[in-house]
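A.B. asks: I am attaching a structure below and will ask some questions about it afterwards.
No value in this document is a laboratory result; all are computed from the given coordinates. Quick caveat, the model's predicted, so the values are computed rather than measured. Cβ atoms come from the backbone with ideal geometry, glycine included; neighbour counts cover every protein chain shown.
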Amino acid sequence: MVKPTTLMALEDYAVPAERDLRREGGVSPGKHATSSSRRDGTAVRTAVGVVDRCPERYHRFEHTDRWADSHKARIDTRIRQLIAMGYHGDASKDLTRTRSVIDMTNPATQELGKAMPTIAAWFKLIPRAVALDIIYDPEKGRLCNGVVLDEESIRWFKNIDDAIGIRSRAAVLRELLLHEADKSGCIAVASLACGAAQPVLETMAELLRDGRAADSSVTLVDLDRESLGMAVRLADQHGITDRVTTVTGNILSLNGIDIAPGPHLESGAGVGYDVVEALGFLEYLPPENQESYTYNGVVDEKRSRAGAVVFLKNAYDLVKPGGLLIFGNMLDETHKQLEFTLNTVQWPHIQPRSIKKMLQIIAAAGVDPAAEVDIYCPTDGVYAVYAIRKPCVQK
Ligand SMILES: C[S@@+](CC[C@H](N)C(=O)[O-])C[C@H]1O[C@@H](n2cnc3c(N)ncnc32)[C@H](O)[C@@H]1O
């Protein structure tokens, strides 16, 4: 893949030693290529055995957050104090990572409420995508349910690492979409678990405004009608509704993702989407299929649903030959405020993982061993974003 300008190799990715994802238990640069020169295919042991797989490439992603400001150091210190309080005094409880609701009796969570008087209103939106609206644009100053935020809350949404990470993963997506569009002239995108779809819609609007990819289109899929409604309003604000199709549906069916198979492409290129993206979703899925599935406020059902492995396989099937599958996962090794997210905010269902574990899931999903895997690591260390290029010629 030709690299967009801000995407660089990971070799000089400076992370604190104790959180270095390249140490034991993380990704070893000895086993995995860090430069694009090693494209020879290497035998890699995975959850499904030994396969000949193209080694993945790592890219450091420089991101200067537009909202982080002089309050960050003070807020970071306060967050370290909240982390030290653990969860009901015992942070090890979080290791189950099965929490599905926010426990407001937790002392650290109550302390957070004292710092931010209107935070309880935001808690009510979590984990739905409507909670992300204020993160994408803290200057709005009010939640999508109309609650006006106090000044300190706005400062926190500007400066906490999670918010910065959500914005930097969106910035990676933007770069990748712009690059694909510039290469192909126009792109058909499927956005799975799109939520209010700010990252993909803002980028499509940018492309269409600049006349760079006039025939591009996006199919937005989510179960949450309110989030999809916000997406439609955003598309309308940008004047791009004619480029947007919305689908209300469950993307965790075991049999595949039930949307149109993507536009017909030029003769011989096959059918599928140029880009399928599912940012902000993999961290809610265990690897294996689930007997039932709950996403608070959106769906709670007792039917068998796909885990991360089957979901990735189904999403990959929607990509045209030569196209890209893009997704992210919260990191458990470089995220400096992970315990704040899990123990204080208690964002439900979250399954942070190492890049190494994610690569095992990708391999188990049966992704073509000849597929190119690029991993983008924003310098905040909160998420990694994965881009898998489906080979043009299928084996
Ligand atoms: C954290 S949001 C991410 C939104 C968006 N991709 C972004 O990065 O801004 C996760 C989204 O997944 C959606 N979701 C959860 N389970 C789903 C399912 N089984 N099928 C479809 N959407 C689902 C939720 O409604 C929510 O909008």
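A.B. asks: 7 Å from Cα along Cα→Cβ at both D150 and T241: what's the point-to-point distance in nm?
C.D. replies: The answer from the label model is 3.9 nm.
A.B. asks: Can you divide the C-alpha Rg of the stretch 166-286 by 2.2 N^0.38 Å and report the result to two decimal places?
C.D. replies: 1.02
A.B. asks: Continuing with this model, one more query. Under 8 Å for C-alpha pairs, at least 6 residues apart: give me the relative contact order for the stretch 239-395, rounded to a whole percent.
C.D. replies: Result for the stretch 239-395 is 24 percent.
A.B. asks: Quick one: if the Förster radius is 22 Å, what FRET efficiency do S184 and V393 give, using the C-beta to C-beta distance and rounding to 0.05?
C.D. replies: 0.80
A.B. asks: Give me the one-decimal nm value for the distance between modelled label points at E291 and R209, 7 Å along each residue's Cα-to-Cβ direction.
C.D. replies: Taking the simple label geometry, E291 and R209 are separated by 5.0 nm.
A.B. asks: Amide H neighbours of T246 under 5 Å, at least 5 residues apart or on other chains, H built in the peptide plane: list them.
C.D. replies: L220
A.B. asks: Turning to a different aspect of this structure: Enumerate the calculated ³J(HN,Hα) couplings along the stretch 275-283 in order (Karplus 6.51 cos²θ - 1.76 cosθ + 1.60, θ = phi - 60°), each rounded to whole Hz, writing x wherever the residue is Gly or Pro.
C.D. replies: 9, 10, 10, 9, 5, x, 10, 4, 6
A.B. asks: Starting from the amide H of R142, placed 1.01 Å from N in the peptide plane, find each other amide H under 5 Å away whose residue is 5 or more places distant or on another chain.
C.D. replies: L149
A.B. asks: A follow-up question, please. Would you mind checking the pairs K356/K390; K183/K357; K313/K390; K124/K158 and listing those with alpha carbons more than 22 angstrom apart?
C.D. replies: K183/K357
A.B. asks: I'd like the per residue volume of the convex hull spanned by the Cα atoms of the stretch 268-378, given in cubic angstrom.
C.D. replies: For the stretch 268-378, the hull spanned by Cα atoms encloses 121 Å³ per residue.
A.B. asks: Just rank K313, K302, K158, K357, fewest to most, by other beta-carbon atoms within 10 angstrom.
C.D. replies: Ascending number of Cβ neighbours within 10 Å: K302, K313, K357, K158.
A.B. asks: May I ask you to sort S153, S100 by Cβ crowding, counting other Cβ atoms within 10 Å and putting the fewest first?
C.D. replies: By the 10 Å Cβ count, ascending, the order reads S100, S153.
A.B. asks: Give the residue from I251, V232, A190 lying farthest towards the positive end of the charge dipole for the stretch 188-292; charges sit on Cβ (+1 for Lys and Arg, -1 for Asp and Glu) and the dipole is referred to the Cα centre.
C.D. replies: About the Cα centre, the residue reaching furthest to the positive side is V232.
A.B. asks: Shifting gears a bit: Each label point is 7 Å from the Cα along the Cα-to-Cβ direction; what then is the distance between the points at H71 and K356, in nm?
C.D. replies: Modelled inter-label distance: 3.9 nm.
A.B. asks: Can you give the local net charge around Y316? Use residues other than it whose beta-carbon is closer than 9 angstrom to its beta-carbon, Lys and Arg +1, Asp and Glu -1.
C.D. replies: Net of charged neighbours comes to 0.
A.B. asks: Nothing charged except the Cβ atoms of Lys and Arg (+1) and of Asp and Glu (-1): what's the magnitude of the dipole of the stretch 99-217 about its Cα centre? Round to the nearest 20 debye.
C.D. replies: 220 debye
A.B. asks: Would you kindly state how much longer the chain becomes between E301 and M104 on full extension, computed as 0.36 nm times their sequence separation minus their alpha carbon distance, in nm to one decimal?
C.D. replies: The span from E301 to M104 would gain 68.4 nm if fully extended.
A.B. asks: Please order D69, D133 by the number of other Cβ within 10 Å, starting at the fewest. Display every interim value, and only then the final one.
C.D. replies: Details: D69 11, D133 21.
Listing D69, D133 from fewest to most nearby Cβ atoms yields D69, D133.
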